[in-house]
């Protein structure tokens with residue numbers, strides 16, 4: 001893992017985690033508020049199962065809490081947290097021995113929510129929905145390594161180096177996985193884009 | 001994107017940061033409130049305190065089990081009640097006195113059970129007595145205790161808590177407290193439902 005040479009400033013993730021380790025529960029609350037949405041988004045995309053995503057999310061945070069005494073600022077907290085979440089998810093995949101993603105909808109039958117709905121234009125709404133549906137389908141089809149790298153980048157906001165640290169591969173490997181993932185996803189979206197430009 | 005320029009473009013996009021695929025929308029606003037409470041309660045509990053102004057923490061995802069457990073508990077108690085009613089009715093109509101029943105039991109296949117070392121209460125089972133079970137605090141206690149003794153080492157914390165709650169609901173407070181103490185010893189950082197916390201504080 002990369003070493004964070006400088007001392008974290010008071011509001012940094014690392015400083016908040018250290019404050020929590022020292023007994024400041026409010027520091028944890030702030031840290032949690034920063035990462036609850038992106039981390040859950042990462043796990044939800046990975047599992048495509050809301051209940052399972054909740055379980056893995058709790059598991060990941062529980063591990064952070066349980067391991068707090070051993071926490072050291074050796075890397076960014078973001079990398080640390082996503083490394084744990086990544087392992088939680090991989091452990092789950094190994095236990096279940098199946099890839100839990102097979103459809104464009106969640107396993108419980110519900111659709112993933114969109115961040116915002118397209119304005120009242122029915123044609124745009126249809127196109128938007130089709131775009132999201134294709135995107136989810138294409139994400140499902142990605143090999144696990146490519147999808148993982150892509151989601152760590154897009155949902156987690158991790159850099160190439162951070163993804164490399166999380167997944168235990170080299171930077172160039174991560175870049176290659178990301179490139180292939182984006183190529184495939186763009187190819188899946190191309191028909192919708194070309195239709196929209198007509 | 002396969003040529004040299006494509007590689008350069010991709011590298012530049014990566015360096016610029018931001019999303020590689022802006023079309024990908026955020027899927028969720030985050031976990032539900034119950035999960036938020038669970039994580040924060042756990043974080044506070046690890047420090048030995050309760051979240052400020054927060055309600056008593058509930059065990060994670062407990063709501064999933066609450067209804068089935070409540071139904072199961074209701075069924076068990078109802079069944080026990082029906083058996084008790086039947087037993088009383090049978091005694092009344094046959095005119096058999098309780099002593100007679102005891103004699104019958106002594107003639108049963110397991111006399112050693114009757115003369116065994118003193119136990120808090122008689123613990124005959126239907127198999128031993130050949131009679132319908134007459135539920136009492138003793139028989140309920142035996143059932144629960146047997147369940148505890150037969151505890152699966154892989155029992156999840158959630159199942160364990162549910163079992164303690166069943167003990168509490170059955171009025172087996174001592175057993176519930178023992179189990180609660182054991183649970184706390186094994187999972188010291190797990191937040192407990194409020195009513196179990198009260199049980200432990202007594």
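Bear in mind these aren't lab numbers, they're just calculated from the coordinates by the rules spelled out. Values in this document were obtained by computation on a predicted structure and should not be read as measured data. Because the Cβ atoms are built from the backbone with ideal geometry, glycine has one as well, and the counts that use them run over all protein chains shown.
Figures for the structure shown
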| read-out | value |
| --- | --- |
| Averaged over A:52-62, number of beta-carbon atoms from partner chains that fall within 10 Å | 4 |
| Pairwise label distance in nanometres, residue A:133 with residue A:51, each label 7 Å out on the Cα-Cβ vector | 2.6 nm |
| Highest to lowest packing among B:74-80, B:37-43, scored as the average C-beta count within 10 Å | B:37-43, B:74-80 |
| Simple label model, 7 Å out from Cα along Cβ direction - residue B:85 to residue A:74, nm | 6.6 nm |
| Efficiency of FRET between residue B:189 and residue B:9 - r from beta-carbon atoms, R0 56 angstrom, step 0.05 | 0.70 |
| Cβ neighbours within 10 Å from other chains - mean over A:14-25 | 2 |
| Estimated inter-spin distance, residue A:187 and residue A:33, nm [label 7 Å along Cα→Cβ] | 4.4 nm |
| Convex hull volume of region A:5-90 per residue (C-alpha atoms, cubic angstrom) | 88 Å³ |
| Residue-averaged beta-carbon neighbours from other chains (10 angstrom radius) around B:29-39 | 6 |
| Ordering of A:137-148, A:39-50 by burial proxy (mean other Cβ atoms within 10 Å per residue, highest first) | A:39-50, A:137-148 |
| Calculated FRET value between residue A:169 and residue A:126, using beta carbons and R₀ = 51 Å, to 0.05 | 0.80 |
